[in-house]
1. What distance in nm separates the simple spin-label points at residue 102 and residue 77, each placed 7 Å from Cα in the Cβ direction?
2. So what is the relative contact order of the chain, in percent, for Cα pairs below 8 Å that sit 6 or more residues apart?
3. Rounded to the nearest 0.05, what FRET efficiency do residue 28 and residue 435 give with R0 = 51 Å and r taken as the Cβ-Cβ distance? Could you check?
4. Please work out how much length the chain gains when fully extended from residue 355 to residue 43, using 0.36 nm per residue of separation minus the C-alpha to C-alpha distance, in nm with one decimal.
5. Which of rounded, prolate, oblate describes region 250-336, given a ≥ b ≥ c as roots of the alpha-carbon gyration tensor eigenvalues and a/c under 1.5 marking rounded, otherwise prolate only if a/b is larger than b/c?
6. Quickly estimate the mean residue ellipticity at 222 nm for the chain, helices only: each DSSP H run with n ≥ 4 gives -39500 (n - 2.57), and the total goes over all residues, rounded to 500.
7. Expressed as an acute angle from 0 to 90° and rounded to the nearest 10, what is the orientation of the C-alpha long axis of helix 9-19 relative to the principal long axis of the chain?
8. 7 Å from Cα along Cα→Cβ at both residue 500 and residue 228: what's the point-to-point distance in nm?
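Since every read-out is calculated from the coordinates, none of them should be taken as a lab result. Since the structure is predicted, the reported quantities are computational estimates derived from the model, not experimental observations. Using ideal geometry, Cβ is built from the backbone for each residue, glycine included, and neighbour counts are taken over all protein chains shown.
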């Protein structure tokens with residue numbers, strides 16, 4: 001009977017020692033210990049690493065079958081989690097590059113409606129852009145090259161339609177049929193059609209949406225809203241404008257206004273606090289243009305003279321007084337005016353010679369006088385360091401200007417050379433110089449702020465054809481139809497797909 005062969009561990013050790021076998025070593029061609037491979041060399045790039053481990057994607061070592069290996073599992077850089085080089089069309093958007101760098105991707109679904117075959121967002125082309133004032137009016141709208149109107153921004157009061165309260169961060173349709181024109185107020189929107197009718201919707205607390213019945217707002221029971229189009233009851237409308245809580249329409253040569261009349265901004269001598277039925281402004285003949293501010297209104301006559309009415313505590317009516325006016329009063333020392341632009345509490349005019357004049361509140365430097373205003377309250381006198389200017393003062397240091405725009409607390413001007421200058425409040429980057437810096441201005445809340453009391457050129461803009469200014473934000477359209485916006489973006493009013501402020505112009509793309 002054969003007995004089993006028994007070999008002890010000690011015997012094996014003695015045999016191994018006799019044969020010269022010692023501690024396992026990576027690269028000896030023998031898989032041992034913690035090794036998962038051993039190809040007899042210490043080179044990378046083949047099927048076994050220098051550490052005698054099977055190569056895996058993500059180990060930071062370039063091995064056979066890998067295009068790249070950056071040592072991470074991030075899909076959105078130059079090397080994907082499968083160790084393949086990223087390329088446009090792989091279905092994975094790179095996010096590690098800036099727009100100016102080769103390989104940048106704004107999207108990665110080529111040949112779609114929102115992504116080009118170069119993995120860039122299509123640049124939408126537009127004719128003109130409009131912006132609203134006030135937090136609730138942080139809405140922007142623009143006509144594209146096909147005359148379709150699209151809007152974006154604050155939707156607290158449903159100006160963009162359902163879902164109510166959900167802000168629109170990129171351009172989208174609001175109208176089944178694009179109107180001839182629109183006016184953006186502080187939480188409401190108005191339109192007029194080619195046939196001369198007009199309607200308004202949104203916040204309706206003081207009659208600003210017209211005479212038709214409103215309802216409780218979806219987001220708050222303390223205010224009233226109108227979510228469908230409310231006919232304002234006028235015909236022959238040629239144009240409309242909106243303030244924070246009032247509107248005016250030019251129709252058949254007359255100017256009629258409705259909404260809040262707390263400061264006389266409707267031009268109603270009966271001094272009603274509000275009106276939901278349009279009321280004709282008396283004693284205005286041959287109106288060439290008109291504009292609305294926070295709580296005041298102005299009109300320029302065909303003679304080039306200007307008349308204003310409404311709030312005047314800061315001198316925004318330009319007649320040298322500090323008293324509100326419920327009927328139009330002439331602006332002092334102003335003639336040959338071609339265009340008006342009104343902010344929350346200041347006014348500006350552009351004359352036929354391309355010169356800009358402003359008046360009213362100057363606590364943020366929005367009158368463009370180049371000096372830090374006095375911290376004292378507005379005074380009836382007129383001086384370069386006054387907190388307010390109660391009649392027009394010229395904005396120096398500007399070239400010949402062809403268009404102006406006024407935001408809540410800043411002002412911008414488009415030169416005949418296609419470049420843009422802005423001044424005033426810069427706390428959210430709305431002046432477009434790449435910063436939120438500036439002198440210490442004296443806003444009414446007592447908090448010092450970064451302001452520019454004199455014009456600064458907006459960076460990276462050229463060949464601009466039109467501009468618009470809103471609540472702490474600004475937009476421009478160039479001659480090719482490209483819109484660029486900058487400033488505050490809390491409600492998506494820049495239309496760039498997020499809520500991040502921009503301190504310099506950014507191009508509006510398709511999202």
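1. So the two model labels end up 2.0 nm from each other.
2. Values: 1547 pairs, mean separation 49.6, N = 511.
Relative contact order, the chain: 10 percent.
3. Values: r = 64 Å, r/R0 = 1.25.
In this case the efficiency is close to 0.20.
4. Values: separation 312, 0.36 × 312 = 112.32 nm, distance 7.48 nm.
Taking 0.36 nm per residue and subtracting the Cα distance, the gain is 104.8 nm.
5. Details: a/c = 2.11, a/b = 1.10, b/c = 1.92.
Judged from the Cα gyration tensor, region 250-336 comes out oblate (a/c at least 1.5, b/c at or above a/b).
6. Values: 1 runs with 11 residues, N = 511.
Rounded to the nearest 500, it is -500 deg cm²/dmol.
7. Between the helix axis and the principal axis of the chain, the angle is about 90 degrees.
8. Simple spin-label model gives 4.2 nm for this pair.
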